[in-house]
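The values are calculated or read from the model by the stated rules, or taken from the named source; none is laboratory data. It should be emphasised that the depicted structure is a prediction, and the values quoted were computed from it without experimental measurement. FYI the Cβ positions are ideal-geometry reconstructions off the backbone, even for glycines, and counts take in every protein chain you see.
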Amino acid sequence: MEEAGQKEQNKNLPVILAVDDDKLMLRMVETMLDGIAQVITGGNTNEAEELMRRHQPALVLLDDMMPGGISGLQFLEKIKDDPEISKIPIIMVTARDKPEEVVRGLTAGAVDYIAKPFQPAALKAAVTKRLTRRGNRICLALCDERVARVLSQRLVDLACEVLHCEPDDFLVEKMEQENLAVVVVDTLETLFTARKGQRTPSGLRPGAYAIVALLEEKTMTLGEEHIAYHSPEATVQDILHSIGRFLKNRL
């Protein structure tokens, strides 16, 4: 009964894909991340691609040199323009730790690089950090590039994951697919587009998002709990305060 309860509890955890040809390493990762994530495993990059498309994991832990497919680095370079899986964060976990190899991995799209052998605490810390950022996913759909640049840097410093979108291309579908927490807009047209995607008239829940609007005046009163209005001259700290309030309500 206790084991069944544990399995049911694990279903609510984020899915992490570990890819390595060393089965002992995969078992170690499963043990290290027990209670943090559901771990699914693959033995090469061919399996990695299939599992990423099927499960859309929150994170991938990827070895570099494995038989039965291209290398981990080649895989990163292959998928970087794939709209279905390119945005899934990948941490390289490999014995190849020369500086030029680390730089190549990060340049190809890895979000972090962990050298083998590693301490369990180091892996858990990297995974926890990435999963935390995933829960704080902010999209900046701003015409003002200066504001977008400053906000982006501050949000990254606060362990948020920041996405950028052109205001005229900002679609409801993107909000749904990206599991956004907060959207920041600075044009009326983009605000109306964002409002069309609002999924609940009151209260935030996991999967819903809130809007921070930088406009001269309030344009809507419906769903006030979802929108924070600021003038275009608002300070970055004021905007961050509103974002923080929405993130707190979302947890």
Inset, instruction - Go over the candidates THR187, THR128, THR107 one by one and state the one that is modelled with pLDDT under 80 and of a type in the set (Val, Ile, Thr). - result: THR187
Inset, instruction - Just name the residue that is modelled with the lowest pLDDT out of those in the range 241-251 that are of a type outside the set (D, E, K, R) and surrounded by 13 or more Cβ atoms within 10 Å (Cβ to Cβ). - result: ASN249
Inset, instruction - Can you confirm whether the range 92-111 contains a residue that is surrounded by 14 or more Cβ atoms within 10 Å (Cβ to Cβ) and under 14 Å from MET28 (Cβ atoms)? - result: yes
Legend entry - Test: residue in the range 24-36 that is farther than 17 Å from LYS124 by Cβ and either surrounded by 18 or more Cβ atoms within 10 Å (Cβ to Cβ) or touching a helix residue (DSSP H, G or I) at 6+ places or on another chain (Cβ under 9 Å) (or both): no
Inset, instruction - Just one of (1) in contact with a strand residue (DSSP E or B) (Cβ under 9 Å, 6 or more places away or on another chain); (2) of a type in the set (S, T, N, Q); (3) at pLDDT 90 or above trips up GLN56, so point out which. - result: (3)
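Residues checked against (1) part of a strand (DSSP E or B); (2) at pLDDT 70 or above; (3) β-branched (Val, Ile, Thr):
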residue: GLN198; (1), (2), (3): no, no, no
residue: PRO201; (1), (2), (3): no, no, no
residue: LEU222; (1), (2), (3): no, no, no
residue: TYR229; (1), (2), (3): yes, yes, no
residue: ILE239; (1), (2), (3): no, yes, yes
Legend entry - Candidate set: the range 41-91, residues that are out of contact with any Gly (no Cβ under 8 Å at 6 or more places or on another chain) and hydroxyl-bearing (Ser, Thr, Tyr); chosen: the one surrounded by the most Cβ atoms within 10 Å (Cβ to Cβ): THR41
Inset, instruction - Inspect the range 98-118 for any residue being under 19 Å from VAL162 (Cα atoms) and of a type in the set (Lys, Arg) and give the result as yes or no. - result: no
